[in-house]
1. How big is the charge dipole of the stretch 2-41 about its Cα centre, in debye rounded to the nearest 20, if each Lys and Arg gets +1 on its Cβ and each Asp and Glu gets -1 on its Cβ?
2. Excluding residue 26 itself, what net charge comes from residues whose Cβ is under 15 Å from its Cβ, given Lys and Arg +1 and Asp and Glu -1?
3. From largest to smallest, what semi-axes in whole angstrom does the stretch 26-69 give when each is the square root of 5 times an eigenvalue of its alpha carbon gyration tensor?
4. Would you work out which of 35, 64, 52 lies farthest towards the positive end of the dipole of the stretch 26-69, given +1 charges on the beta-carbon of Lys and Arg and -1 on that of Asp and Glu, about the Cα centre?
Amino acid sequence: MACIADLLQHQRAFEECAYFLRHCATLAEPRIDEQLILFSDACEYVGIGGVCVVKRAGKVLPVSFCGSELDGAQPGYHILNVYFPGVRQFDG
């Protein structure tokens, strides 16, 4: 049986997730004259993710998000080979 502290911790985690879902980022529309910046991250055993952003009026605004879970033989790949598929997801 879970103790009260565990239940409270789970409740706080749920409320934090619900907050972020209600206050999610609004995606910016890219402009032809703006430089796009790509941030990516990978964990060699779990997955890859990235965000494409623009800088506008001193703010960094997200344009697109991507992510993928590693499957099959991918968790055994060298970390650079894990990064590149994440970058390719933004191409087209």
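1. With only Lys, Arg, Asp and Glu charged at Cβ, the dipole is about 160 debye.
2. Values: positive: 22, 56, 59; negative: 29.
So the environment of residue 26 carries a net charge of +2.
3. Working: eigenvalues 117, 16, 14 Å².
Over the Cα atoms of the stretch 26-69, the ellipsoid semi-axes are 24, 9, 8 Å.
4. Of the candidates, 35 comes out farthest on the positive side.
All of the numbers you see were taken from the coordinates with simple rules; none came from a lab. On a predicted model such as this, the values are computed, not experimentally measured, just so you know. For neighbour counting, all protein chains shown are included, and Cβ atoms are generated from backbone atoms with ideal geometry for every residue, glycine included.
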